[in-house]
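Undergrad: Structure in structure tokens, see below.
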Amino acid sequence: MFIINFILDCGASVMLPIIIFILGVLMKAGVGKSFKAGITIGIGFTGIGLVTGLLANQLGPVAQQMTERLGLNMDIIDIGWPAMSSITWAWSAAGLMIPICLIVNIVLLSLKLTKTMNVDIWNYWQFAFVGAAVSVVTDSVVIGLAAGALISALALILADFTAPYIEKYFDMPGISFPHLTALGCLPIVYPLMWVLDRIPGINKIEISAESLRKKFGIFGEPMMMGLIIGFVLAALAGAEPQVILQTGIGLASVMYLMPKMVSCLMEGLMPISEAAQEMMSKRFEGREIYIGLDAAVALGEPAVIAVGLVLVPITILLAVILPGNRILPFADLAVIPYIVCLFTAMSKGNIFRSLVIGTVVMGCVLLMASTLGPIETPLAVSAGVSIPEGAALIGNLDRANLLTWIFIKVFGIFG
């Protein structure tokens with residue numbers, strides 16, 4: 001347990017290289033090649049973390065100014081997913097979720113009920129969160145662990161189902177996202193796509209990053225889109241001219257650097273993916289096997305970041321006008337690209353369609369986050385986290401997806 005906790009405390013940028021190295025050796029990719037792949041992936045994840053941190057640092061002050069300008073005063077403070085993941089790992093039974101989810105994955109692979117081998121062990125905290133929240137509602141650790149195990153199985157099945165979109169749009173063959181942040185709102189996304197396909201006129205609107213690039217020339221480039229979006233966001237917040245310029249350059253940097261960091265990560269992943277495919281094809285008689293990864297690898301696509309950034313002011317506006325919303329969106333605004341990446345791929349990069357779907361999704365996320373705050377707060381208190389001044393409760397947007405919400409509510413019946 002000490003070794004597991006030590007590795008977990010190192011974070012994803014250390015944990016994933018260790019896992020990839022061990023996996024590569026087991027898949028007979030060679031010690032040297034596996035070690036290099038692990039280090040390369042660690043560098044890629046570190047780079048993604050740095051760029052995501054830059055995104056959060058640029059969005060945070062602007063979002064705060066925007067909320068102050070709008071006079072928002074909610075009783076649930078969005079503390080962000082990093083804080084919530086730490087709170088989750090502090091749950092007494094969190095360590096058990098790692099072997100449980102691994103066993104579930106191996107059993108489903110053996111029974112041919114999934115094609116995904118989920119190596120994204122750091123994000124098992126998302127399944128552990130469901131377990132922790134259910135244990136709060138039911139006052140039963142056993143029921144909590146059962147809920148966490150079942151939602152990990154569901155994530156594998158949905159990852160299989162959405163893998164073809166990932167291969168086709170992101171050009172990532174053999175990769176899937178058993179990542180609840182990306183998968184969690186699929187029950188909302190599919191009906192919305194069906195409706196949009198059947199509205200005359202609306203179903204013909206096509207706005208992609210490529211079409212913007214062709215139409216607007218240099219101003220359609222990803223970095224220019226980031227620059228313009230940064231200027232607009234900061235101006236809406238009523239920021240000083242210097243801050244407007246800094247935000248513009250900051251978001252332009254995000255749009256330019258993120259694809260390069262993702263490319264580095266994929267460079268490290270490819271030899272392991274090829275070795276896994278070769279080994280699995282021998283062991284499972286030609287079966288196709290997906291490597292399950294964090295949805296962060298999708299953030300290199302310009303349309304994903306563009307949709308995520310435009311949804312920031314939309315989400316803040318929704319927080320103002322939605323009846324029943326109690327959460328003040330702040331720390332997790334930078335996680336919106338993770339939420340939108342999958343349905344942006346399903347929309348084939350159509351920014352207009354993705355924004356329409358994203359607006360509805362973020363409205364639902366705010367309302368679900370408002371109902372989860374009273375459950376998350378006792379978890380935080382038990383982990384020794386102090387409630388921020390001026391807040392009655394804490395919450396976050398990352399865990400407020402429909403699948404997580406449904407599991408917590410359904411299993412809560414057994415309390």
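Undergrad: Using packing as a proxy for protection, rank 21-28, 83-90 so that the peptide with the highest average count of other Cβ atoms within 10 Å comes first.
TA: Values: 21-28: 17.1, 83-90: 21.1.
Per-residue mean Cβ counts within 10 Å order the peptides as 83-90, 21-28.
Undergrad: Now for a separate question. Give the peptides 126-138, 287-299 in descending order of average Cβ contacts within 10 Å, highest first.
TA: Numbers: 126-138: 26.6, 287-299: 22.6.
Ranking the peptides 126-138, 287-299 by packing returns 126-138, 287-299.
Undergrad: What full-extension length gain, to one decimal in nm, is calculated for residue 154 and residue 414 as 0.36 nm per residue of separation minus the Cα-Cα distance?
TA: 91.6 nm
Undergrad: Rounded to a whole number, what % of the accessible area of the chain do carbon and sulfur atoms account for, probe 1.4 Å?
TA: 68 percent
Undergrad: Turning to a different aspect of this structure: Give me the one-decimal nm value for the distance between modelled label points at residue 382 and residue 235, 7 Å along each residue's Cα-to-Cβ direction.
TA: In this crude label model, residue 382 to residue 235 measures out at 4.9 nm.
Undergrad: When ranked by the protection proxy of mean other Cβ atoms within 10 Å per residue, highest first, what sequence do the peptides 94-102, 239-247, 199-207 form? Could the numbers behind the result be given before it?
TA: Numbers: 94-102: 19.1, 239-247: 16.2, 199-207: 10.9.
Order by mean packing, descending: 94-102, 239-247, 199-207.
Undergrad: Right, another one. Compute the accessible area per residue over the chain, keeping the other protein chains in place, probe 1.4 Å, unit Å². Don't jump to the answer; show the numbers that get you there.
TA: On the way: 17210 Å² over 415 residues.
Accessible area per residue, the chain: 41 Å².
Undergrad: Please tell me which of these pairs span more than 19 angstrom C-alpha to C-alpha: 28/260; 112/282; 112/409; 33/115; 168/348?
TA: Correct reply: 28/260; 112/409; 33/115.
Undergrad: Can you report the principal axis dimensions of the stretch 112-232 using only the alpha carbons, biggest first, rounded to whole angstrom?
TA: Result for the stretch 112-232: principal-axis Cα extents of 57, 34, 30 Å.
Undergrad: Would you kindly give the portion of the calculated P(r) for the stretch 256-376 that falls above 23 Å, as a percent of all Cα pairs? The partial results should precede the final answer.
TA: On the way: 3340 of 7260 pairs.
Roughly 46 percent, once rounded to a whole number.
Undergrad: What FRET efficiency would be calculated for the residue pair residue 103, residue 202, taking the C-beta separation as r and a Förster radius of 45 Å, to the nearest 0.05? List each step's numbers first, then the result.
TA: Values: r = 46 Å, r/R0 = 1.02.
That gives a FRET efficiency of 0.45.
Undergrad: Next question, about the same structure. Residues with beta-carbon under 12 Å from that of residue 308, excluding residue 308: net charge, scoring Lys, Arg +1 and Asp, Glu -1? Write down the numbers at each step before the final one.
TA: On the way: positive: none; negative: 301, 332.
Local net charge: -2.
Undergrad: Could I ask something else about it? If I model a spin label as a point 7 Å beyond the Cα along the Cα-Cβ vector, how far apart are those points for residue 406 and residue 50 in nm?
TA: 4.0 nm
Undergrad: Further question: Net charge near residue 79: determine it from the other residues with C-beta under 12 Å of the C-beta of residue 79, scoring Lys and Arg +1 and Asp and Glu -1. Numbers along the way, then the final one.
TA: Details: positive: 399; negative: 78, 332, 376, 398.
So the environment of residue 79 carries a net charge of -3.
Undergrad: Net charge near residue 408: determine it from the other residues with C-beta under 12 Å of the C-beta of residue 408, scoring Lys and Arg +1 and Asp and Glu -1. Intermediate values should be presented prior to the final figure.
TA: Values: positive: 399, 409; negative: 376.
Summing Lys and Arg as +1 and Asp and Glu as -1 gives +1.
Undergrad: Looking at the chain from every direction and averaging, what is the projected area of its Cα convex hull in nm²? Working shown, then result.
TA: Details: hull surface 81.6 nm².
The orientation-averaged projected area of the Cα hull of the chain comes to 20.4 nm².
Undergrad: Follow-up question, since we're still on this one. Would you look at the GNM of the chain, springs on alpha carbons closer than 10 Å, and say which of 322, 180, 16 moves the most?
TA: 322
Undergrad: Can I ask one more? Over the stretch 222-369, calculate the relative contact order: mean separation of alpha carbon pairs under 8 Å at least 6 apart, over the residue count, as a percent. Display every interim value, and only then the final one.
TA: Details: 146 pairs, mean separation 30.8, N = 148.
Normalised by residue count, the contact order of the stretch 222-369 is 21 percent.
The values are calculated or read from the model by the stated rules, or taken from the named source; none is laboratory data. Not measured: the values here are computed from a predicted model. Note that we place each Cβ from the backbone using ideal geometry, even for glycine, and neighbour counts take in every protein chain shown. The accessibility values were calculated without ligands, DNA or RNA, using every heavy atom of the protein model including side chains. Shrake-Rupley method; radii C 1.70, N 1.55, O 1.52, S 1.80 Å.
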